[in-house]
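Q: Questions regarding the structure given below will be posed in turn.
The values are calculated or read from the model by the stated rules, or taken from the named source; none is laboratory data. Not measured: the values here are computed from a predicted model. All Cβ positions, even for glycine, are placed from backbone atoms using ideal geometry, and neighbour counts span all protein chains on display. Accessible surface areas use protein heavy atoms only, side chains included; no ligands, DNA or RNA. Shrake-Rupley method; radii C 1.70, N 1.55, O 1.52, S 1.80 Å.
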Amino acid sequence: MTKRIEDFTVTGNRFINKDIFLLELQAEGKLADLKPGQFVQVRVDGSPETFLRRPLSIHDADFERNTIKLLVQLAGKGTETLSRLQTGRKLNLIYPLGNSFTIPEQDEKILLIGGGCGVAPLLFLGKHLKSLGHSPEILLGFRNRERMIEYDEYMSIGPVSLATEDGSVGEKGFVTQHSLLAGKRFNRIYCCGPDRMMKAVAQYAFANGISCEVSLENLMACGFGACLCCVVDTVDGNQCTCIDGPVFNINKLKWQNSESA
Amino acid sequence: MAELGISIGSLSFKNPVITASGTFGNGSEFDDFFDVSRLGGIVLKGTTLEPREGNSYPRMAETASGMLNSVGLQNKGIDYFEKNIYPRVSSYNTNVIVNVNGSYVEDYVALAERINKLDRIPAIELNISCPNVKTGGMAFGTNPETAREVIRKVRAVYSRVLIVKLSPNVTDITQFARISEEEGADSVSLINTLLGMAIDAAAMKPSLSTVTGGLSGPAVKPVALRMVWQAANAVKIPVIGMGGIRTVNDAIEFFLAGATAVQIGTASLIEPGTSVDILEGIGEYLDSKGFGSISEIIGYINRKQERTI
């Protein structure tokens, strides 16, 4: 998949809760071929503190309108600048970057587990799976009602279950404590969220012999394999999150018996 | 169009723009962005005899107008290089240079001997300035005696063009440039990264697993330029300048200070096409100033000073 450097136009930008915003960008021409799990590197101009590009996973892609959506959590100067971008402004992207989620071939019972802003790549993945005839279920976890993100679009993919740490919406507790995991057997889990959550989900998957892929978010400089900064410790040694990932099968990570939430 | 060709020792470069080691992977990472063969040369990722995993994550921290890294020379070793990387980079129509590293003098020598046999590698860059390894690296390049020893021993076994990459973490850069020249190096390249550190105030701990790392990017440019100017005035061998070059003007400053060629480093990580953009810009600058060749501006400010003093 050829990587491109292109200017996109901001066609939408709004906060969906206190610290997560949804950025919609339109390509100038035809959108490059994208796969669920891939990410873009966004250049943030205007400050010496935003020297590097910001890696953001692709939340959704519309190949007819040639738009992509990025679900972004405020994390510092770079994301703050992005959150203030007005419609019509240009944004320079390097894309598409990284590998993608493995798409199952036959009928499998699939569960998508997302936590916080980590739900981002799962919408694109879920829609793609559904278009291929799969029927994934979705489990989303948030700290509380205020930190929740809208999940209407996920409901068009399949049944959505919710967990919040304070029980203000859905079941109380972490996603790994949700009754969905006690009751049903899934063959395959795709997970993205905070490290602690992904590690806990990985333990559940290991214990139940479920195939599981997680999408990692490491500090990154280039995003295309040139600098070797964003490595993760794998059974094959240090690998780059940007080109060997961001999606990893948990069997590849040294997460067995790792500390869980 | 102005003549852009330069020579480093016996090696001709079609233009003076080279990519810096550690910021250009092994070249192929940039194939999607531009034709790598347009460049004067590329310096590949630091290579060692044995595979190295590098340091633990986190090994990069963004800083104002720059970044710290403590990657620590992760690479798959020379056997892998010969089998998998060498055949691929051999197809580039540019000078492919290997950045040579070791923990001990013997490692550098053995690696240089191996690379001496590779016909499509016309030069090595002897890295005695990596700040991110426990043994070797900068330890060699900040001590005059060990620097001299490693350069001398590598020179004895390596017959092609030998470039010595110098560390800025020294009191007097000219001392190390002179030692390189005295021991038969064809060129010196500088600067490698400046030793620095960053602390995550919120987490109250160092940003890098190694605590310290190497600073690069525009933040270091004035320091790099000063050192290139000093080195160029101290030795007769060509100096390859680098450190924070991001724009055409940055590159021109290095030529005016005395650099025969420039290396583009960290900027390529953010704008992958920086090196070719700069290459085009150098030609335009020379044309607009009415110069017929790049050699006319190399060390220009030094000549100008002589004239006016």
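Q: Just to be sure I understand the filter: pairs with C-beta atoms under 6 Å, separated by 6 or more residues or on different chains, first member in region A:97-109 and of a type outside the set (Asp, Glu), second member open to solvent by 20 Å² or more (accessible area, probe 1.4 Å). Which pairs pass?
A: A:Ser100/A:Lys35; A:Pro104/A:Arg188; A:Lys109/A:Asn187
Q: Among B:Asn116, B:Asn84, which is the only one that is closer than 23 Å to B:Lys153 by Cα and not hydroxyl-bearing (Ser, Thr, Tyr)?
A: Only one candidate passes the filter, namely B:Asn116.
Q: Restricting region B:112-122 to residues that are part of a helix (DSSP H, G or I) and out of contact with any helix residue (DSSP H, G or I) (no Cβ under 6 Å at 6 or more places or on another chain), which is surrounded by the fewest Cβ atoms within 10 Å (Cβ to Cβ)?
A: Looking at the filtered set, the residue picked out is B:Asn116.
Q: Would you please list the contacts, defined by Cβ atoms under 7 Å and residues six or more apart or on different chains, that run from a residue in region B:20-41 that is more than 7 Å from chain A (Cβ to nearest Cβ) and within 22 Å of A:Cys240 (Cα to Cα) to a residue that is open to solvent by 30 Å² or more (accessible area, probe 1.4 Å) and part of a helix (DSSP H, G or I)?
A: That search, which allows pairs on different chains as well, returns B:Ser28/B:Arg88.
Q: When you scan region A:242-249, do you find a residue that is more than 8 Å from every other protein chain (Cβ to nearest Cβ), crowded, with 21+ Cβ neighbours inside 10 Å and part of a strand (DSSP E or B), even just one?
A: yes
Q: Does region A:95-112 contain any residue that is at pLDDT below 95, polar (S, T, N, Q) and open to solvent by 50 Å² or more (accessible area, probe 1.4 Å)?
A: Taking every residue of region A:95-112 in turn, at least one turns out to be at pLDDT below 95, polar (S, T, N, Q) and open to solvent by 50 Å² or more (accessible area, probe 1.4 Å).
Q: So how many residues does region A:46-61 have that are in contact (Cβ under 8 Å) with a residue 12 or more places away in the chain and either open to solvent by 30 Å² or more (accessible area, probe 1.4 Å) or within 13 Å of another protein chain (Cβ to nearest Cβ) (or both)?
A: Total meeting the criteria: 9.
Q: Under the condition of being open to solvent by 10 Å² or more (accessible area, probe 1.4 Å) and either within 21 Å of B:Ser187 (Cβ to Cβ) or of a type in the set (Val, Ile, Thr) (or both), which residue from region B:263-273 is farthest from the other protein chains (Cβ to nearest Cβ)?
A: Among those residues, the one meeting the criterion is B:Gly265.
Q: Let me ask something additional. Which residues, counting only those in region A:150-196, are out of contact with any strand residue (DSSP E or B) (no Cβ under 6 Å at 6 or more places or on another chain) and closer than 22 Å to A:Ala61 by Cα?
A: Once the filter is applied, which keeps residues that are out of contact with any strand residue (DSSP E or B) (no Cβ under 6 Å at 6 or more places or on another chain) and closer than 22 Å to A:Ala61 by Cα, region A:150-196 yields A:Glu150, A:Asp152, A:Glu153, A:Met155, A:Ser156, A:Ile157.
Q: Another one. How many residues does region A:99-152 contain that are hydrophobic (A, V, I, L, M, F, W, C), outside any loop (DSSP other than H, G, I, E, B) and out of contact with any Ser or Thr (no Cβ under 6 Å at 6 or more places or on another chain)?
A: 13
Q: Any idea how many residues of region B:42-62 are facing another protein chain (nearest Cβ under 7 Å) and either under 27 Å from B:Pro122 (Cβ atoms) or surrounded by fewer than 24 Cβ atoms within 10 Å (Cβ to Cβ) (or both)?
A: Adding up the residues that qualify gives 5.
Q: Which of the residues belonging to region A:216-229 are more than 7 Å from chain B (Cβ to nearest Cβ) and either open to solvent by less than 10 Å² (accessible area, probe 1.4 Å) or within 26 Å of B:Ala20 (Cα to Cα) (or both)?
A: A:Met220, A:Gly223
Q: Something else: Let me confirm something: among B:Ile179, B:Ile128, which residue is touching a strand residue (DSSP E or B) at 6+ places or on another chain (Cβ under 7 Å) and of a type outside the set (Phe, Trp, Tyr)?
A: So the residue among B:Ile179, B:Ile128 that is touching a strand residue (DSSP E or B) at 6+ places or on another chain (Cβ under 7 Å) and of a type outside the set (Phe, Trp, Tyr) is B:Ile128.
Q: I want to confirm something. Restricting to region A:1-33 and keeping residues that are open to solvent by less than 10 Å² (accessible area, probe 1.4 Å) and closer than 16 Å to A:Glu80 by Cα, which single residue is farthest from the chain's Cα centre (by Cα)?
A: The selected residue is A:Val10.
Q: Further question on the same structure: Which of the residues that make up region A:188-205 are aromatic (Phe, Trp, Tyr), part of a helix (DSSP H, G or I) and either free of Cβ contacts under 8 Å to residues at least 24 places away in the same chain or in contact with a Cys (Cβ under 8 Å, 6 or more places away or on another chain) (or both)?
A: Residues satisfying the conditions do not exist here.
Q: Of all residues being more than 18 Å from A:Leu71 (Cβ to Cβ) and of a type outside the set (S, T, N, Q) in region A:146-167, which is surrounded by the most Cβ atoms within 10 Å (Cβ to Cβ)? Just the residue, please.
A: Among residues in region A:146-167 that are more than 18 Å from A:Leu71 (Cβ to Cβ) and of a type outside the set (S, T, N, Q), the one surrounded by the most Cβ atoms within 10 Å (Cβ to Cβ) is A:Ala163.
Q: Identify all residues within region A:34-43 that are closer than 22 Å to B:Pro272 by Cα and either buried (at least 23 other Cβ atoms within 10 Å of the Cβ) or at the interface with chain B (Cβ under 10 Å from one of its Cβ atoms) (or both); write none if there are none.
A: Within region A:34-43, A:Gln38, A:Phe39, A:Val40, A:Gln41, A:Val42, A:Arg43 qualify.
Q: Within region B:68-87, can you find the residues that are more than 12 Å from every other protein chain (Cβ to nearest Cβ) and of a type in the set (Val, Ile, Thr)?
A: B:Ile78, B:Ile85, listed by residue number.
Q: Condition first: in a helix (DSSP H, G or I), buried (at least 24 other Cβ atoms within 10 Å of the Cβ) and within 18 Å of the chain's Cα centre (by Cα). Can you find one or more residues in region B:236-250 that meet it?
A: Within region B:236-250, none of the residues are in a helix (DSSP H, G or I), buried (at least 24 other Cβ atoms within 10 Å of the Cβ) and within 18 Å of the chain's Cα centre (by Cα).
Q: Return the only residue of B:Ser65, B:Ser90 being at the interface with another protein chain (Cβ under 9 Å from one of its Cβ atoms), surrounded by fewer than 20 Cβ atoms within 10 Å (Cβ to Cβ) and modelled with pLDDT of 95 or more.
A: Sole residue among the options that is at the interface with another protein chain (Cβ under 9 Å from one of its Cβ atoms), surrounded by fewer than 20 Cβ atoms within 10 Å (Cβ to Cβ) and modelled with pLDDT of 95 or more: B:Ser65.
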